[in-house]
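Asker: Mind looking over this structure? Questions follow.
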Amino acid sequence: MSAYPVLLLDHDDTVVQSTPEIHYPSWVEILSVLRPGYDCTPEEFARYNFNPGFFGYARDIMHFTDEEMEYDLKVWSDWVRRIIPHPYPGMAEIIRRHKADGGIVCVSTHSHREFVERDYRAHIGLLPDAVYGLECGEDKVKPNPYAVEEIIRTYGVKKEEILMVDDMRPGYDMARRAGIPFCYAGWSAVLPEIQDFMRENADFCCDTVEDLEKLLWK
């Protein structure tokens, strides 16, 4: 049996390789229209998505208006619809094994449920038990603990039975606010400062997908 009855997984850059295949190139396209001449490096993109998170990055740092946020969503959605990102090797096997053990798989994401479910169908062959994404409202996604509260209410589990697995700060902040264990998904790491923060603060740090498998099935 898995060490945690509930896996609460981030999606992008935890289960699938979204940033190099979708998020960064779509962001470059968006900036070419909304902030022409602005050169955003992959490192900057990773840094601000880590802290303060994408919505803080877009609204507070890039100062996107509501209209610009709508344009951002349109361009990004076009990319997401066209491209199905590849999973990290081993993640599909972990998810299938956890489900076969009778475990619950939930997803906390800044994406939409339809895209998460599409990726799971394409690469994993099953659907998550629940997806807490943008359909819940921008104010209820990470770092808001709404997803954890809903999992506890829906499945009747205890906080210590839910493991949050994420590569970014919003997932860590949500886990801390909700009082659940947090595991850093370090296999997509770009910046040393992100790794340093997580190694100092996360309950568990997994540099590889194999490390996560060992954590779940000790």
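Asker: Can you list the lysines whose alpha carbon is less than 20 Å from that of Lys214, not counting same-chain residues fewer than 8 positions off?
Answerer: Lys214 reaches Lys99.
Asker: For region 72-118, what is one quarter of the convex hull surface built on the Cα atoms, given in nm²?
Answerer: 3.9
Asker: If you take the beta carbon distance between Ala3 and Val28 as r and set R0 to 41 Å, what does 1/(1 + (r/R0)^6) give as a FRET efficiency, to the nearest 0.05? Working shown, then result.
Answerer: Details: r = 40 Å, r/R0 = 0.97.
Here the calculated transfer efficiency is 0.55.
Asker: Now for a separate question. In the chain, what percentage of the DSSP-assigned beta bridges are antiparallel, given to the nearest 5?
Answerer: Details: 1 of 19 bridges.
Counting only bridges with both partners in the chain, antiparallel ones make up about 5 percent.
Asker: If you don't mind, there's one more thing I want to ask. Pick from Tyr38, Tyr48, Tyr57: which is most flexible by mean-square fluctuation in a GNM of the chain where alpha carbon atoms under 10 Å apart are linked?
Answerer: Sorting by GNM fluctuation, first place goes to Tyr38.
Asker: Related question: For the chain, give the magnitude of the charge dipole about the Cα centre (Cβ charges: +1 Lys/Arg, -1 Asp/Glu; no others), in debye to the nearest 20.
Answerer: Working: 23 positive and 39 negative charges, 140 e Å.
With only Lys, Arg, Asp and Glu charged at Cβ, the dipole is about 680 debye.
Asker: Same structure, new question: Dividing the Cα convex hull volume of region 110-169 by residue count, how many Å³ per residue is that?
Answerer: Hull volume normalised by residue count: 101 Å³.
Asker: Further question: Can you give me the convex hull volume of the Cα atoms of region 140-185, divided per residue and expressed in Å³?
Answerer: Values: hull volume 2.6 nm³, N = 46.
Here the figure is 56 Å³ per residue.
Asker: Give me the angle, in degrees from 0 to 90, between the Cα long axis of helix 113-123 and the longest principal axis of the Cα atoms of the chain, rounded to the nearest 10.
Answerer: 60
Asker: OK, next. Going toward the positive end of the dipole of region 19-82, with +1 on Lys and Arg Cβ and -1 on Asp and Glu Cβ, which of Ile22, Tyr38, Phe50 do you reach last?
Answerer: The residue sitting farthest along the positive end of the dipole is Ile22.
Asker: Also, I was wondering about something else. So what are the three principal axis dimensions of region 19-82 from its Cα atoms, in whole Å, longest to shortest?
Answerer: Principal extents (largest minus smallest coordinate, Cα): 28, 26, 22 Å.
Asker: Report the extension gain between Thr41 and Met69 in nm, rounded to one decimal, defined as 0.36 nm multiplied by the number of residues separating them, less their alpha carbon distance.
Answerer: Net length gain for the segment: 8.1 nm.
Every read-out reported here was derived from the displayed coordinates using simple, explicitly stated rules and does not represent laboratory data. In this text, all values refer to a predicted model and were calculated from it rather than measured experimentally. Here the Cβ is made from the backbone with ideal geometry for all residues, glycine too, and neighbour counts use every protein chain on show.
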